[in-house]
Amino acid sequence: MKPKIVVFTGAGISAESGIKTFRDSDGLWEEYHIMEVATPQGWEKNRELVLDFYNKRRKQVLETKPNKGHLALVKLEKKYDVHIITQNIDDLHERAGSKKVLHLHGEIFKSRSTTNPSLIYPIKGAELNLGDKCERGSQLRPHIVWFGEQVPEMEKAYDIAAQADIFMVIGTSMVVYPAAGLIDYVKPNIPKYLIDPSDVKIGGVSNLTVIKEKAGVGLPMLLELLMNS
Ligand code: APR
């Protein structure tokens, strides 16, 4: 039985692939109003604006590729049972080769019915548009968790985090809940690692090693340590 590593990632792990984070200077939210493009109210007010916002982000993801941080996490699978819990909606972890990826905030290459949320479809290519309908004839929406909506995968994420032998936090400002609360479900006495080039505050966490680096530098360093320990 391989030791279990649980990795909690945010926008920062995709930054070196060229995808903007949310709260860094010149971040994604600098150009858009969250309320207009990432809330149910925004969707009701202007569906076309929301669809355009995600079509633009989907096109950008199609032009990017996994970076050294994503690839280092795949190499860990040789020795560890690696579970990734990500806030990211891109597919870079999967394209890097990670086998176990749980998306808390949805997936940009999926759509779902606006009348029956269990009807989920792959989006082939870059666009989801007005008039694209589910099998029941209702408009499709991005399969994304918007602000103010439930995070359906949260219970499953808590269970996975509670089984971790090693826990990592990579590239997230830890300011959006319930996702950021995941760390409270991790066993206090196991080793935890935080990789981020800026100062991220994680209060009251024991056994924490902070690696103040970008993911593309910090993760290969940590890989070296964990593969030879
Ligand atoms: N490597 C590692 N971390 C990085 C890098 C990098 N190259 N570049 C930036 N970071 C760090 C930043 O210092 C910051 O701590 O990544 C973090 C990005 O934080 P946010 O922009 O807040 O993104 P995130 O934490 O993923 O946001 C959480 O909020 O907007 C919502 O639903 C959206 O999933 C998102 C959630």
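Among the numbered conditions (1) assigned to a loop (DSSP other than H, G, I, E, B); (2) charged (D, E, K, R); (3) buried (at least 16 other Cβ atoms within 10 Å of the Cβ), tell me where residue 136 comes up short.
Residue 136 satisfies all of (1) assigned to a loop (DSSP other than H, G, I, E, B); (2) charged (D, E, K, R); (3) buried (at least 16 other Cβ atoms within 10 Å of the Cβ) except (3).
Can you name the number of the only condition in (1) out of contact with any Pro (no Cβ under 7 Å at 6 or more places or on another chain); (2) open to solvent by 90 Å² or more (accessible area, probe 1.4 Å) that residue 147 fails?
(2)
Hey, among 168, 154, which residue is modelled with pLDDT of 95 or more, under 19 Å from the mean Cα position of the chain (by Cα) and within 22 Å of residue 34 (Cβ to Cβ)? Spell out how you get there, then give the answer.
Numbers: 168 fails: within 22 Å of residue 34 (Cβ to Cβ).
Just a single option satisfies the conditions, and that option is 154.
What do you reckon, is residue 143 without any contact (Cβ under 8 Å) to a residue 60 or more places away in the chain, closer than 17 Å to residue 57 by Cβ and within 13 Å of the ligand (Cβ to nearest atom)? Show your work before the answer.
Values: without any contact (Cβ under 8 Å) to a residue 60 or more places away in the chain: yes; closer than 17 Å to residue 57 by Cβ: yes; within 13 Å of the ligand (Cβ to nearest atom): no.
Taking the combined requirement at face value, the residue does not satisfy it.
Condition first: within 15 Å of the ligand (Cβ to nearest atom) and part of a strand (DSSP E or B). Now tell me which residues in region 190-207 satisfy that.
193, 194, 195
For the structure I just gave you, tell me whether residue 25 is open to solvent by 10 Å² or more (accessible area, probe 1.4 Å) and within 12 Å of the ligand (Cβ to nearest atom). Explain how you work it out, then say what you get.
Details: open to solvent by 10 Å² or more (accessible area, probe 1.4 Å): yes; within 12 Å of the ligand (Cβ to nearest atom): yes.
In short, yes.
I need every pair where a residue in region 170-185 that is more than 7 Å from the ligand (Cβ to nearest atom) has its Cβ under 6 Å from the Cβ of a residue that is assigned to a strand (DSSP E or B), sequence separation at least 6 or different chains.
Hits for this filter: 182/8.
Specify which of the listed residues (36, 94) is open to solvent by less than 80 Å² (accessible area, probe 1.4 Å), touching a strand residue (DSSP E or B) at 6+ places or on another chain (Cβ under 6 Å) and in a helix (DSSP H, G or I).
Values: 36 fails: touching a strand residue (DSSP E or B) at 6+ places or on another chain (Cβ under 6 Å).
Residue meeting the stated conditions: 94.
The values are calculated or read from the model by the stated rules, or taken from the named source; none is laboratory data. Remember, predicted model here, so these are calculated numbers, not experimental data. For neighbour counting, all protein chains shown are included, and Cβ atoms are generated from backbone atoms with ideal geometry for every residue, glycine included. The area values use the complete protein model at the heavy-atom level, side chains included, leaving out ligands, DNA and RNA. Shrake-Rupley method; radii C 1.70, N 1.55, O 1.52, S 1.80 Å.
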